[in-house]
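J.: Below you will find the structure I want to go over with you.
Derivation of every value follows stated rules applied to the coordinates shown; laboratory data play no part. Computed from a predicted structure; not experimentally measured. When we count neighbours, we look across all protein chains shown, and the Cβ atoms used for this are built from the backbone with ideal geometry, even at glycine.
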Amino acid sequence: MTVHTASPDPQALLDAARWVSLSAPYLALLVLLGAAVWGWATVRRARLVQLSLADRVTVEVVPTASFNPSAGEVGRWANHLGRVHHAAGGVPARGSAARIRYSVKAGQMRCYLEGPGPAAAVLAMSGFAEVEVRVQQDRKSIQPVRFTVPVQHRESR
């Protein structure tokens with residue numbers, strides 16, 4: 001039994017080599033263009049994250065004396081916090097994450113929720129029945145602009 005293998009056609013190999021040599025400048029340009037787009041997207045994404053991290057909102061969660069959540073309430077609250085990322089709009093995940101911080105002041109434990117500015121309404125919604133949400137005052141308060149009335153001088157005739 002003899003096995004014959006087909007040898008590649010030399011003309012097909014020459015045609016493929018010619019096509020690669022003719023299209024090499026265009027392929028190189030395409031690679032450079034792709035790298036430029038990738039670099040621009042990376043810089044834009046980093047800028048969006050920086051802007052989002054600079055504009056964070058903090059709310060304080062204060063439980064009542066009879067606060068005793070059920071497992072269902074805890075699950076709903078976890079889903080509620082999961083919506084913060086979606087409410088932040090086009091902010092990348094790194095800049096739109098919600099953060100829970102606990103601290104102790106005067107012997108009382110305090111819970112703070114922190115998230116991106118565009119998701120402030122979702123953060124301010126209470127996830128439990130017996131919890132009060134206190135919105136922290138914005139660090140950037142709006143100062144009123146006052147205009148002075150110009151004094152009009154009467155010209156003597």
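J.: In whole Å, largest first, what are the principal axis extents of the Cα atoms in the stretch 1-132?
T.: Largest first, the stretch 1-132 extends 88, 47, 24 Å along its Cα principal axes.
J.: To continue, here is another question. Tally Lys/Arg at +1 and Asp/Glu at -1 over every other residue whose Cβ is under 15 Å from the Cβ of residue 66; what's the total?
T.: Within the 15 Å Cβ shell, the charges total -3.
J.: Inverting the mean 1/r over all pairs of different Cα atoms, compute the Kirkwood radius of the stretch 6-57 and quote it in Å.
T.: 14.7
J.: Using the Cα gyration tensor of the stretch 34-108, with a ≥ b ≥ c the square roots of its eigenvalues, what is the shape: rounded (a/c below 1.5), prolate (a/b larger than b/c) or oblate (neither)?
T.: Prolate, since a/c reaches 1.5 and a/b exceeds b/c.
J.: Whole angstrom only: what separates the Cα centroid of the stretch 110-136 from the Cα centroid of the stretch 42-100?
T.: Centre-to-centre (Cα) distance: 9 Å.
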